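Data block below; observations after.
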Amino acid sequence: MKKVFLAFLFAVVGLLASRTAEASHFRFGTINWKVPDPQNAPLTVQFTVQHGWNSAAPDSTDLNFGDGFNNGPFQGPLIGTGTDAAGLGYNLYEYTVTHTYAAPGTYTAFFQSCCRIAGLVNGDQADFRVEAIVDLSAGNTGGPVSLAPAIIQMQLGGIRTYQLPSFDPDLDLVSCRFATPAETGLPPGSEIPAVPNGGAQPTLSGACLITWDLTFAVVNQKYVLHIVMESSHNGGPVSTTAVDLLVEITNAAPPICTGSGTFIAPVGMPFSTAVLGTDPALGGLTVTTQAAPAGSMLVPPSGTNGPSPLAATFSWTPAAGDVGTTIVLVNYKTAQNISGACFLTIQVPQCVGFGDACVAAGAQGECVNGAIVCSGPGMSTCAPGNPTPETCDTLDNDCDGTVDNNTVEAGLPCPSGLPGVCSAGTTACMGGSVSCVANVMPGQQMEACNDLDDDCDGNVDNGFQVGQMCSVGVGQCASSGLFVCNGMGGQACTAIPGEPLPETCDALDNDCDGVVDNDPAGVGIVCATGLDGVCATGMTACSAAGMIECSPDVQPGANMETCNLQDDDCDGTTDEDFPTLGMPCTVGVGACEAMGTFICDPLGGGAICSAMPGMPAAMETCGDDIDADCDGSNSNGCDSDGDGLLDDVEIAIGTDPNDGDSDDDGVIDGKEGCSVPNDCPNPAPDGDADNDGKINALDPDSDNDGLKDGTELGFDCSNMDTDGGAGNCTPDGDSGNTTTDPLDPDTDNGGVNDGDEDTDKDGVVDAGERDPNVATDDVPPECTQDSDCGGPNSGKVCNASNECQDGCRGTGGNSCPEAQECSSTDNTIGTCSTPDTTYYGEGSGLCAVQQPGNDNSSTGAAWLLGLVALARVVSRRRKAA
């Protein structure tokens with residue numbers, strides 16, 4: 001019996017010792033797991049456990065496999081040390097253990113105990129628990145893989161973020177969440193920490209991004225974060241891993257490390273990647289690694305100090321035993337023990353082609369876009385893509401075989417942008433894009449009186465008078481109110497009419513019949529008011545004081561005084577506003593003028609002259625200085641100079657009524673402003689064709705084209721009113737055969753003014769001139785003189801068509817090139833040729849002479865002697881004949 005008791009006592013002591021071993025100063029923990037050989041040993045799982053403790057009291061963990069077996073307390077090798085910003089040191093340990101389960105299924109592996117470190121804002125000296133769910137379904141080779149530093153440091157004073165790595169070796173989708181109290185060992189309500197001042201809590205995205213507003217945090221505060229990574233293989237049970245770590249609040253910003261990423265490193269293939277650490281404060285840095293695999297190397301070596309920025313290169317050649325996912329942490333630490341890290345997620349595949357794109361057989365929608373995963377050593381399969389929430393993009397994102405069904409964007413309240421009740425809408429997926437569809441379409445409802453814009457035209461209760469004044473009843477029964485909606489879609493007035501009373505003489509409608517003071521006794525009798533003028537008579541009526549009085553039919557001042565022999569404004573004076581009454585007056589002009597006096601117009605309105613004007617004569621006699629037709633002019637109808645313009649018109653426009661050709665250009669004033677010499681129904685002598693400030697009848701060149709108006713219309717200067725000495729008239733050279741428009745400087749619209757085409761301004765189309773009525777010849781001529789075609793000895797001349805041609809002139813133009821002669825001896829065009837200097841004789845002999853030269857040498861004399869000899873020969877031949 002004593003032996004049994006002692007054995008029991010030793011067992012209890014051992015258990016307590018084990019609990020005590022796990023109960024000191026826990027800071028960090030994580031469990032990763034994988035199936036190394038899914039084909040040959042699908043139930044054998046390799047666990048990798050990392051755990052961290054205060055360096056003054058390091059301890060061990062006891063991994064429970066979830067099937068009734070456990071590994072026993074174990075610490076493992078030291079893989080790293082560190083010191084937080086508060087100066088507390090810590091150690092990190094890692095061990096790997098393999099366990100074979102009896103059957104497929106889902107198991108929860110974990111280690112747990114007490115206690116966490118002291119001083120935590122949440123979980124001060126609380127229990128800890130870290131677990132991983134192991135799913136041994138077919139094809140699942142491992143759970144999510146993650147790693148974190150034992151402590152994450154975030155700067156206070158704003159919104160901070162931190163990205164944790166997560167990866168699934170089967171390329172299954174990994175999502176992150178905060179753990180429950182049961183998963184962490186923390187007291188309920190403390191599993192997600194809150195900043196004491198303000199209560200700000202961190203948020204965690206599905207992609208493991210931590211975001212936390214630390215505006216009101218305090219330096220050196222420490223919090224527990226417990227994050228669970230989940231994945232599901234082919235829709236099967238969930239696999240998990242967890243990271244339990246600390247967050248420390250610092251005053252300075254942590255170093256920044258660039259170079260994090262996910263990499264594939266095949267077995268036996270050298271792998272390297274570079275990272276760079278930068279201290280925002282530009283201080284010195286120390287670079288270290290955590291969880292670096294055996295055989296890997298960091299250059300410069302882990303523990304190296306250097307100035308910021310500090311670059312490092314991690315290199316490793318994986319061996320066959322390294323297959324799986326390894327996450328290496330490269331940490332940069334300042335002299336103040338503030339750290340920032342890069343995460344190198346390295347996948348060492350068991351097979352060729354891991355991660356390559358493939359088409360997954362049997363998958364639907366976007367899940368057909370798969371990737372190669374390893375199903376065992378040297379074996380691979382195409383894993384379907386992971387379904388994602390359905391979005392409006394014409395794709396089957398959730399892989400249920402239907403495109404754009406139940407999209408996350410659809411069915412949500414949205415503003416349609418329309419007014420009134422149509423403003424509320426619901427999102428809908430249409431053609432791959434999200435639209436906001438109004439719940440009520442414009443015009444779908446009739447406007448009702450209900451404080452809403454029912455027909456969506458931008459106006460509330462339009463068609464109703466809501467808010468406007470209204471009244472009911474008449475007379476003393478009238479009551480005012482406002483229009484309001486009546487609750488049934490219509491409107492009503494809030495007023496309530498009063499009760500009618502007997503009518504009294506008080507200027508009120510007491511009986512509410514719509515008539516004021518009707519039917520009181522003594523009212524409505526004709527009476528005398530005692531006022532002047534038309535205000536003298538009236539009717540008895542009720543006064544404002546309730547008395548019967550004589551009310552004038554016309555109130556004083558109600559009428560304006562009119563000329564009618566009455567006192568209209570009742571001021572005691574008749575027609576005082578018309579002082580001309582009785583005064584002499586005249587009507588009519590000229591021979592029609594008559595005398596009379598001012599009287600009141602019997603038709604009303606004012607004073608008029610009593611005289612009647614005489615009858616105007618049918619015809620005016622020119623020159624008698626009498627306005628017989630009574631139009632105010634003694635000379636209308638007279639054309640003194642016979643130019644077709646009446647004297648009155650000429651005086652008005654400024655021409656001389658006694659000079660038929662005021663500007664002496666050969667065109668009489670009555671034809672000025674005409675475009676043709678005859679048949680001009682609408683002359684414009686007072687127009688200004690060239691806008692030079694002078695009217696056409698006073699402008700010898702109305703269109704300013706260089707040709708006189710008379711020349712353009714084909715007139716000579718023989719009109720007796722045309723003063724040739726004025727120099728404004730040039731007789732037309734072809735007696736009107738060629739005319740142009742004196743109002744248009746370019747009659748043929750060819751681009752050249754008429755005066756430039758008729759270069760001698762004589763109205764004739766001379767040789768070498770262009771026709772002002774033909775537009776096609778307005779092209780500038782090739783030449784106008786020989787010099788336009790070449791030099792004096794060019795053999796080129798300008799012909800009558802203003803074109804250059806081969807030729808010469810004897811005088812007055814270009815001649816021939818040297819050694820050639822011109823056939824012309826005057827200014828007509830000739831041809832150039834080379835002279836023949838050899839002559840042949842007949843009869844008694846041959847005499848050849850040379851043409852005299854131009855050098856004044858003796859050859860000239862010899863040439864002359866030759867001619868004499870030739871003459872004698874010819875003379876002899878004639879005699880012989």
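All of the numbers you see were taken from the coordinates with simple rules; none came from a lab. Since this is a predicted model, take the numbers as computed values, not measurements. We place every Cβ from the backbone using ideal geometry, glycine too, and count neighbours over all the protein chains shown.
Placing a pseudo-label 7 Å from each Cα along the Cα-to-Cβ vector at Asp734 and Thr825 gives an inter-label distance of 3.6 nm. Sequentially through region 503-508, phi angles give Karplus couplings (6.51, -1.76, 1.60; θ = phi - 60°) of 5, 10, 7, 9, 6, 10 Hz, Gly and Pro residues having no value and appearing as x. Bridge orientation summary for the chain: considering DSSP beta bridges with both residues in this region, about 95 percent are antiparallel.
Whole-Hz Karplus values for region 474-483 come out as 10, x, 6, 8, 5, 9, 9, x, 10, 6 Hz, taken residue by residue from phi with 6.51 cos²θ - 1.76 cosθ + 1.60 and θ = phi - 60°; glycine and proline positions read x. Electrostatic bookkeeping for Arg177 treats Lys and Arg as +1 and Asp and Glu as -1; over the other residues with beta carbon under 12 Å from its beta carbon, the sum is -3. Apply the a/c threshold of 1.5 to the C-alpha gyration tensor of region 287-446 and tell me whether it is rounded, prolate or oblate. Oblate, because a/c is 1.5 or more while a/b does not exceed b/c. Please label the shape of region 522-671 as rounded, prolate or oblate, based on the square roots a ≥ b ≥ c of the eigenvalues of the alpha-carbon gyration tensor (a/c under 1.5 means rounded; beyond that, a/b larger than b/c means prolate, else oblate). Note, shape of region 522-671 comes out prolate. Evaluated on region 786-833, the Kirkwood hydrodynamic radius is 9.9 Å, with distances taken between all distinct Cα atoms.
On a 0 to 90 degree scale, rounded to 10, what angle separates helix 859-880 from the longest Cα axis of the chain? Approximately 50 degrees, to the nearest 10.
For the chain, what does -39500 (n - 2.57) per DSSP helix run (n ≥ 4), summed and divided by total residues, give at 222 nm, in deg cm²/dmol to the nearest 500?
-2000 deg cm²/dmol
Per-residue 3J(HN,Hα) values for region 549-556, derived from phi via the Karplus relation 6.51 cos²θ - 1.76 cosθ + 1.60 with θ = phi - 60°, read 9, 8, 9, x, 5, 10, 7, x Hz in sequence order (x marks Gly and Pro).
Once each of the GluC sites (Glu not before Pro) sitting in a DSSP loop with at most 14 other beta-carbon atoms within 10 Å is removed, the chain keeps 1-575 as its longest stretch.
Overall, the anisotropy analysis places the chain in the oblate class: the square-rooted eigenvalues a ≥ b ≥ c of its C-alpha gyration tensor yield a/c not less than 1.5, with a/b not exceeding b/c.
The long axis of helix 2-21 is offset from the longest Cα principal axis of the chain by roughly 20 degrees.
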